[in-house]
1. Looking at Asn109 and the list (1) under 30 Å from Pro50 (Cα atoms); (2) among the polar types (S, T, N, Q); (3) modelled with pLDDT under 85, which single condition is not satisfied?
2. Across the range 54-86, what is the total count of residues that are in a loop (DSSP other than H, G, I, E, B), open to solvent by less than 60 Å² (accessible area, probe 1.4 Å) and closer than 26 Å to Arg171 by Cβ?
3. From the residues in the range 165-182 that are hydrophobic (A, V, I, L, M, F, W, C), open to solvent by 100 Å² or more (accessible area, probe 1.4 Å) and modelled with pLDDT of 80 or more, which one is nearest to Val3 (Cα to Cα)?
4. Open to solvent by 40 Å² or more (accessible area, probe 1.4 Å), in a loop (DSSP other than H, G, I, E, B) and touching a residue at least 24 places away in the same chain (Cβ under 8 Å) - does that describe any residue in the range 87-103?
5. Can you pull out the residues in the range 105-148 that are surrounded by 10 or more Cβ atoms within 10 Å (Cβ to Cβ), assigned to a helix (DSSP H, G or I) and of a type in the set (Lys, Arg)?
6. Kindly indicate whether any position in the range 34-53 is assigned to a helix (DSSP H, G or I) and either modelled with pLDDT of 85 or more or within 20 Å of Pro146 (Cα to Cα) (or both).
7. Out of (1) within 21 Å of Leu4 (Cα to Cα); (2) surrounded by 13 or more Cβ atoms within 10 Å (Cβ to Cβ), the odd one out for Ala162 is which?
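The values are calculated or read from the model by the stated rules, or taken from the named source; none is laboratory data. Just so it is clear, the structure is predicted and the values come from calculations on it, not from any experiment. For neighbour counting, all protein chains shown are included, and Cβ atoms are generated from backbone atoms with ideal geometry for every residue, glycine included. Heads up: the accessible areas ignore ligands, DNA and RNA and are worked out on the full protein's heavy atoms, side chains in. Shrake-Rupley method; radii C 1.70, N 1.55, O 1.52, S 1.80 Å.
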Amino acid sequence: EAVLYALRKAILQHGIPRYIYTDNGREFLCFDIGGRGRRKTAKKEDHTPPPIFTRLGIDFWNAKVRNGKAKIIERTFREFKDKFSRLLVGFTGGNPMEKPERLKHQVKNRKGMILDSKLREMFDVYIEGMYNMLPQNGAGMYGRSPVEVYAQELVTVRKASAEDLNLMLMRSTRMQTVERKGVCLKLYGEK
């Protein structure tokens, strides 16, 4: 659901992208969001509803497996962790070596813990107010900030209303087989 929340927010703010490039995480490669990506199998169901990215007209690309250079977002994640996450109470680190000694006391006392809604506000301020304004040296950036690149390179914007996105971002289910006992549905982990 977090992927769809972020996608919806990005579409409302910047428009529907032409393509999306992701890593091989399950959240992107589930059948109803991005499809199977590079893991496509020979067997194909005839009555499978199209994934959300296809419904929105987004070309979906994912990185090759075990190719760290193809995952350009990893460097951004590290920068985000070093410049934003470390400043927050409750930061756990990416591995045991990064785990701060004060974490045990912070969790026990619960002082300074941030609600999810407040964290989203702080993250938006960091991204829009700082990260997007700083010059970058990535491919095609040439020392420009992401805001400058977006303004200079943007050709067309495909907009969608909030009502249209409610429909287009709905998750779909697979076809059900009618058996002797009827159709069996699983809701909240129970039949």
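1. (1)
2. 5
3. Start the filter on the range 165-182 by keeping residues that are hydrophobic (A, V, I, L, M, F, W, C), which leaves 165, 167-170, 175, 178.
Checking the rest, the ones that are also open to solvent by 100 Å² or more (accessible area, probe 1.4 Å) come to 167, 170, 175, 178.
Narrowing the set further to residues that are modelled with pLDDT of 80 or more leaves 167, 170, 178.
On the way: Leu167: 16, Met170: 12, Val178: 32 Å.
Out of the qualifying residues, it is Met170.
4. Scanning the range 87-103 turns up at least one residue that is open to solvent by 40 Å² or more (accessible area, probe 1.4 Å), in a loop (DSSP other than H, G, I, E, B) and touching a residue at least 24 places away in the same chain (Cβ under 8 Å).
5. Passing the criteria: Lys118, Arg120.
6. yes
7. That leaves (2) as the condition not met.
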